[in-house]
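Comments concern the structure below.
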Amino acid sequence: MNTTMHRHTHRQMIATISLPALAATLGSLIALAQTPPASTPTAAPRVGGGIGYESHYPQIASGSWTGKRLADGQPDVSGDWSNTIANHNNFTDPQGGIPGDPQARGRTLGPREERAPSRVTDPADGELPYQDWARAKQKEFAVGFFAGGKPEWIEPLARCAPAGIPKSFYWHGYEIRQYPGKILFLFNSGWRLIYLDSKEHHLPQNLKLWQGDSRGHWEGNTLVVDVSNLNGKARLGRTGDFTSENVHVEERYIFSPDNKRYNYVATFTDPTVFTRPFTVTIPARRWSVADKSNGWHYEVPLANNPGGKEPIGDHFERICVENNGGFGQLAVSTNKPN
Amino acid sequence: MTTRRGIQGFRQGIGALMAACVLLGPGLALGQSAGGGKIPRQANGKPDLSGIWQTTSAADFDLEAHIGRKDAPPGLGVVEGGSIPYTPAALAKKQKNFENRETADPRLKCWTLGTPRGIYYPEPFEILQRPQDVTVVFEFGDTVRTIHTDGTLHPVDTDHEFWLGDSRGHWEGDTLVVDVRDFNDQTWLSRAGDWHDEALHIVERWKLIDANTIDYQATIEDPNVYSKPWNIEVFLYRHREKDFQLIENYCYTLDYDQYYPYPKS
């Protein structure tokens, strides 16, 4: 296996992230923000490095869509997107690092309010409303993430499993491709095809899947998706947060009028693990060839397009070398459990 | 390349045309193909390859003609001229692969099948098409391949060693011609142990011969492994069952599937 292959691996993507490039985009991000609440500064401190460069993000209201549409009438939201606040290190304190990280090297965190809010926007305390047994299990997973020793303590994404829902939205940048009646999400680890209107019924309920089965429709600027058939195997972060095979998700992707941002707002219902439904909010912004390619948000180099033509972003295959070389904490070197 | 198989398939396709016209969605435009049958077209007039496709051939079991084996149904073979022109040393490696196929075939680990194997692997794949690209989503392993049809060229850097190769396509009449190169050496071409190395270069030709049949041809060359380029041809049939869709199959997760969301006590 040639080492050049590894340029596409997750670990190198993390290692090669271009912080100056991200810093350069911060100014334009400020301009992109949609009428944030007056008390919310958009010039956020760069907490969490290049992956998470916003500690606050604007709300986007559902409403009509006045932007560009595709031939079948869908709002045209195709292109490259990435979350703005953090990766999956920590679900409820996104810029708070991984609890118990032995590689923290003495870094100290400032006050909680300086960091991005919890992805859990309901309940108001930002905590996942676990049942007691499930909270104990989450804590076990969180400790085991570094301690090791049991196969279930290995985060499945580290074995190249698909990132699932919702983690796919904060695990590297991703691309949206649209077709008549369908929307395809191409994530760094896995993909989703959302069927619009054409299929009313979900797959048989005994089919449990990493990415679930998605049926959606547009309501103005909002893509509404019902996700069933999830197997609950994908963790929500490196903090051990999890759902079960009985989770059901109602997603709303609310796009800004200028088509440069959207907020993912999803309600998770899982009576096996939680005491009540909860809502997750993940802000995202668009990336384009005007941005410099980098190893996290926008892994899109310029295509070989000579002759003075318009620049086009190139999208290479995304294969977790090769579903065989796990990465990250306690990763395995084969696809066999250890 | 017109083969007896191809002609038979063509006749069957014509026979299915009436039903296809009824079943195709209202948004799908039908246009005249060079062969005389109606084929779906996109708004820009290019043939519309969108849909879910699958071979009925035994190509994945063995590209060459073979009798039935315990692990393979018989097949007439899909190689033009009958056999793959391996160099003597490469043939010895193929034979060793064949002997070890029950454990050595990368498909057993659910690794990316590669190009062209994913196309004739006996599991459906979906084509999603826009003017600028043709996206091929494989059920097996949930691999995604993009064929760029935006006029861009292969990357200047040629050492990416992709699992699927780098695919740049263009239309020649109603045929999508795709140049694929920059591979790694980790994939097999069949479960009979057919192999290649990083010098693999493929030129594919995708052509709808009726609304529900793609004639898929590929020229395969690798000077390190074969004495000359060789050609294959398989037909791909559209899945028309009601509500048919791909079912996620991240089969490489199955070895550790049991540990998540949490071990059942």
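Which numbered condition trips up B:Q258, out of (1) of a type outside the set (V, I, T); (2) part of a loop (DSSP other than H, G, I, E, B); (3) more than 20 Å from the chain's Cα centre (by Cα)?
Against the list (1) of a type outside the set (V, I, T); (2) part of a loop (DSSP other than H, G, I, E, B); (3) more than 20 Å from the chain's Cα centre (by Cα), B:Q258 comes up short only on (2).
Need pairs with beta-carbon distance below 6 Å; first residue more than 10 Å from chain B (Cβ to nearest Cβ) and within region A:147-176, second among the hydroxyl-bearing types (S, T, Y); sequence gap 6+ or separate chains.
Sorted first by the residue in region A:147-176, then by its partner, the pairs are A:A163/A:S189; A:F169/A:Y264; A:G173/A:S82; A:G173/A:Y298; A:I176/A:S78.
Applying the selection to region A:185-203, what residues are part of a loop (DSSP other than H, G, I, E, B) and free of Cβ contacts under 8 Å to residues at least 24 places away in the same chain?
Across region A:185-203, the qualifying residues are A:D197, A:S198, A:K199, A:E200, A:H201.
Got a sec? Which of B:G169, B:G173 is touching a residue at least 12 places away in the same chain (Cβ under 8 Å) and at positive phi?
Matching residue, one of B:G169, B:G173: B:G173.
Looking only at region A:64-84, filter to residues that are within 12 Å of chain B (Cβ to nearest Cβ) and among the aliphatic types (A, V, I, L, M); which one of those is surrounded by the most Cβ atoms within 10 Å (Cβ to Cβ)?
A:L70
Tell me yes or no: at least one residue of region A:178-189 is out of contact with any strand residue (DSSP E or B) (no Cβ under 6 Å at 6 or more places or on another chain), over 29 Å from A:T66 (Cβ atoms), within 7 Å of chain B (Cβ to nearest Cβ) and at pLDDT 95 or above.
Scanning region A:178-189 turns up no residue that is out of contact with any strand residue (DSSP E or B) (no Cβ under 6 Å at 6 or more places or on another chain), over 29 Å from A:T66 (Cβ atoms), within 7 Å of chain B (Cβ to nearest Cβ) and at pLDDT 95 or above.
Which one of these is within 14 Å of another protein chain (Cβ to nearest Cβ), within 29 Å of B:D185 (Cβ to Cβ) and at pLDDT 95 or above: B:E204, B:E221, B:E248?
Of the residues listed, the single one that is within 14 Å of another protein chain (Cβ to nearest Cβ), within 29 Å of B:D185 (Cβ to Cβ) and at pLDDT 95 or above is B:E248.
Residues checked against (1) touching a residue at least 24 places away in the same chain (Cβ under 8 Å); (2) in contact with a strand residue (DSSP E or B) (Cβ under 7 Å, 6 or more places away or on another chain); (3) more than 21 Å from B:E233 (Cβ to Cβ):
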site: B:D60; (1), (2), (3): yes, no, no
site: B:E64; (1), (2), (3): yes, yes, no
site: B:P73; (1), (2), (3): no, no, no
site: B:V78; (1), (2), (3): yes, yes, no
site: B:G82; (1), (2), (3): no, no, no
site: B:Y86; (1), (2), (3): yes, yes, no
site: B:A89; (1), (2), (3): no, no, yes
site: B:A92; (1), (2), (3): no, no, yes
site: B:K96; (1), (2), (3): yes, no, yes
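Which of (1) part of a loop (DSSP other than H, G, I, E, B); (2) within 30 Å of B:G151 (Cα to Cα); (3) more than 11 Å from chain B (Cβ to nearest Cβ) does A:P306 not meet, given it meets every other one?
Of the numbered conditions (1) part of a loop (DSSP other than H, G, I, E, B); (2) within 30 Å of B:G151 (Cα to Cα); (3) more than 11 Å from chain B (Cβ to nearest Cβ), the odd one out for A:P306 is (3).
So that you can scan it fast, the table gives a plain yes or no per residue for (1) within 17 Å of the chain's Cα centre (by Cα); (2) not in a loop (DSSP other than H, G, I, E, B):
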position: B:P155; (1), (2): no, no
position: B:L164; (1), (2): yes, no
position: B:L176; (1), (2): yes, yes
position: B:D179; (1), (2): yes, yes
position: B:A192; (1), (2): yes, no
position: B:E198; (1), (2): no, no
position: B:I202; (1), (2): yes, yes
position: B:Q217; (1), (2): yes, yes
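Residues A:G237, A:G181: which one is surrounded by fewer than 18 Cβ atoms within 10 Å (Cβ to Cβ) and in contact (Cβ under 8 Å) with a residue 60 or more places away in the chain?
Being surrounded by fewer than 18 Cβ atoms within 10 Å (Cβ to Cβ) and in contact (Cβ under 8 Å) with a residue 60 or more places away in the chain holds for just one of A:G237, A:G181, which is A:G181.
Can you report the number of residues in region A:101-147 which are modelled with pLDDT of 95 or more, assigned to a loop (DSSP other than H, G, I, E, B) and of a type in the set (G, A, S)?
Qualifying residue count for the region: 4.
Residues in region A:208-229 that are part of a strand (DSSP E or B), more than 10 Å from chain B (Cβ to nearest Cβ) and not aromatic (F, W, Y): how many?
Number satisfying all stated conditions: 12.
Residue-by-condition table, conditions (1) in a loop (DSSP other than H, G, I, E, B); (2) modelled with pLDDT under 95:
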| position | (1), (2) |
| --- | --- |
| B:G77 | yes, no |
| B:G81 | yes, no |
| B:I84 | yes, no |
| B:A90 | no, no |
| B:K93 | no, no |
| B:K96 | no, no |
| B:W111 | yes, yes |
| B:T115 | yes, no |
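Pull up region B:117-153, narrow it to residues that are within 17 Å of B:C251 (Cβ to Cβ) and assigned to a loop (DSSP other than H, G, I, E, B), then point me to the one that is farthest from the other protein chains (Cβ to nearest Cβ).
It comes out as B:P122.
The values are calculated or read from the model by the stated rules, or taken from the named source; none is laboratory data. None of the values given here were measured: they were computed from a predicted structure. Neighbour counts are summed over all protein chains in view; Cβ atoms, including those assigned to glycine, are modelled from backbone coordinates with ideal geometry.
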